[in-house]
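Data first, discussion second: the structure below is written as structure tokens.
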Amino acid sequence: MATSGTYADRSENAGLVEEAFERCGILASKLTADHLNSASRSLHFALSSWQAQDFASVFRKAEYSLTLVPNQANQTVPGEVLHISKMVLVVTPGAEIPVEPMSSAQYLAIPNKTATGMVSRVWHDRGRTPRLMCDLVPSTAWVLKYQAITMFQDVGGLANNPDITSSIEDALAAELAFRLSVKFAPDRSVGLKTLAQEAFMEAKRFSRERTYTRFRIVR
Amino acid sequence: MTLTYNSLISSLQDLLVATVAADTVIWQGESQLLRDLDLDLFSANASGTTSGASIAKPDGFLYLRSPILLTYSGQKQIPEERSYSFLKRYWPDAAATGIPRYFAHASETGFIIAPTANGWSYSYDYGFRPAGLAPGTQETWLSKTVPDALFAACIVSSLRYLKTDERVDQLKADYQSLLAGAKMQISSMTHARTSPASAAAEAPAPKD
């Protein structure tokens, strides 16, 4: 037989849930709506946990372009942005200057927070209402380009796909299986936890960036 | 020697109180034996076109014997069986359509599929209860293939109607012995139980 020739196989949330339950020893044909509700919650918490473990940083990078609002200290940042890794200020097309991140303490230490000028440092306030606080209130509608780590998208319906790449589907299935075992098959929890940790590490190793690394000896 | 309707009736009528219809006892005996043998033998095909999220079951439908094959413009799909509540949770908006992935028993007359897929052709094999012995049906597969077991099943079914019951235990034991022999004789025609986790994997109730 010929191979399929396609690369489109992706697990829906429902398929992921079924696989996880079967790893707990529960056949998919025996699942009810209550099982699905419980699994949807666990899937949400599994992804949330991965965010907290910085796993999202591997494959949830996105570039944003924010036109700064002149004469305004607070600049809006989308709620899905978890962490800003790189920033540049586009002064004129083709002329970009780096912008450094600063901590909340560094921002607090700025004596005059209403002074206007060119932005060179930004504090990403990651509170319930995320915002960017600039060291100088921008006097012009410059464009701030930044690379950010974003949240996983919501779990959504069971017919949705999880917001992950195919290479880490197994890791998510393993994580979900462990979490469901706590509720439905506690006798399997220890084993499934080990499998989940191994799958997580494999996925993390696989997802690393494969670029040349140079080391320089400084005398 | 073949067991016929007339010979069975004659034998039973000697044992039974007059008010009990021998036909009732035969029907009960056949039902008992069919359940005990767990035959996967009597089947027919059903086909048609999906109507919304529904697939019809024919009269006499007992169980699904094959996967349901759905086709639409050359696309083939074999939905997997899930519980009814699973489907309702998976595809809450029945008006929305998609490629069907699941099905469930919705009622005695139909299945439900999800996602909703109107106008797909369906085809499946199903098992049904075979016609029993009757005045116009002197022989059946059971009466020809396992006549001794059928006779014993009818005797056991008649126990509640017997004039005397000194031999109840012996008759039940005889039936079990004959049933075991009949099962060995027709073992390749019984339902396959190959799912590795089917016995152990009953889903526990969700905990709050």
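The values are calculated or read from the model by the stated rules, or taken from the named source; none is laboratory data. On a predicted model such as this, the values are computed, not experimentally measured, just so you know. Positions of Cβ are generated from backbone atoms using ideal geometry, with glycine treated the same way; all protein chains shown enter the neighbour counts. Protein only, heavy atoms only, side chains kept; ligands, DNA and RNA dropped before computing areas. Shrake-Rupley method; radii C 1.70, N 1.55, O 1.52, S 1.80 Å.
Odds and ends about this structure:
- With respect to the conditions (1) touching an Asp or Glu at 6+ places or on another chain (Cβ under 9 Å); (2) of a type outside the set (A, V, I, L, M); (3) in a loop (DSSP other than H, G, I, E, B); (4) open to solvent by 40 Å² or more (accessible area, probe 1.4 Å), residue B:105 lacks only one, and its number is (3).
- From the options B:67, B:58, B:100, B:92, residue that is at negative phi, part of a loop (DSSP other than H, G, I, E, B), within 14 Å of another protein chain (Cβ to nearest Cβ) and open to solvent by less than 40 Å² (accessible area, probe 1.4 Å): B:100
- Residue in segment A:27-40 that is more than 10 Å from chain B (Cβ to nearest Cβ), more than 20 Å from residue A:150 (Cβ to Cβ) and surrounded by 17 or more Cβ atoms within 10 Å (Cβ to Cβ) present: no
- Residue A:48 being in a helix (DSSP H, G or I), within 9 Å of chain B (Cβ to nearest Cβ), small (Gly, Ala, Ser) and open to solvent by 40 Å² or more (accessible area, probe 1.4 Å): no
- Residues that are within 12 Å of residue A:137 (Cα to Cα) and assigned to a strand (DSSP E or B) within segment A:91-123 comprise A:116, A:117, A:121, A:122, listed in sequence order.
- Any hit, segment B:184-206, residues being modelled with pLDDT of 85 or more, among the hydrophobic types (A, V, I, L, M, F, W, C) and open to solvent by less than 30 Å² (accessible area, probe 1.4 Å): no
- Residue check for residue A:9: touching a helix residue (DSSP H, G or I) at 6+ places or on another chain (Cβ under 8 Å), more than 12 Å from every other protein chain (Cβ to nearest Cβ), surrounded by fewer than 17 Cβ atoms within 10 Å (Cβ to Cβ) and farther than 19 Å from residue B:91 by Cβ: yes
- Residues in segment A:6-37 that are among the hydrophobic types (A, V, I, L, M, F, W, C) and in a helix (DSSP H, G or I): A:14, A:16, A:17, A:20, A:21, A:28, A:33, A:36.
- Set B:110, B:119: member being of a type outside the set (Phe, Trp, Tyr), more than 30 Å from residue B:39 (Cβ to Cβ) and away from every other protein chain (no Cβ under 14 Å): B:119
- Just one of the listed residues (A:62, A:2) is away from chain B (no Cβ under 14 Å) and either in contact (Cβ under 8 Å) with a residue 12 or more places away in the chain or open to solvent by less than 40 Å² (accessible area, probe 1.4 Å) (or both), and it is A:62.
- Applying the condition of being surrounded by 19 or more Cβ atoms within 10 Å (Cβ to Cβ) and within 14 Å of chain B (Cβ to nearest Cβ) to segment A:134-158 and asking which residue is nearest to residue A:90 (Cα to Cα) yields A:155.
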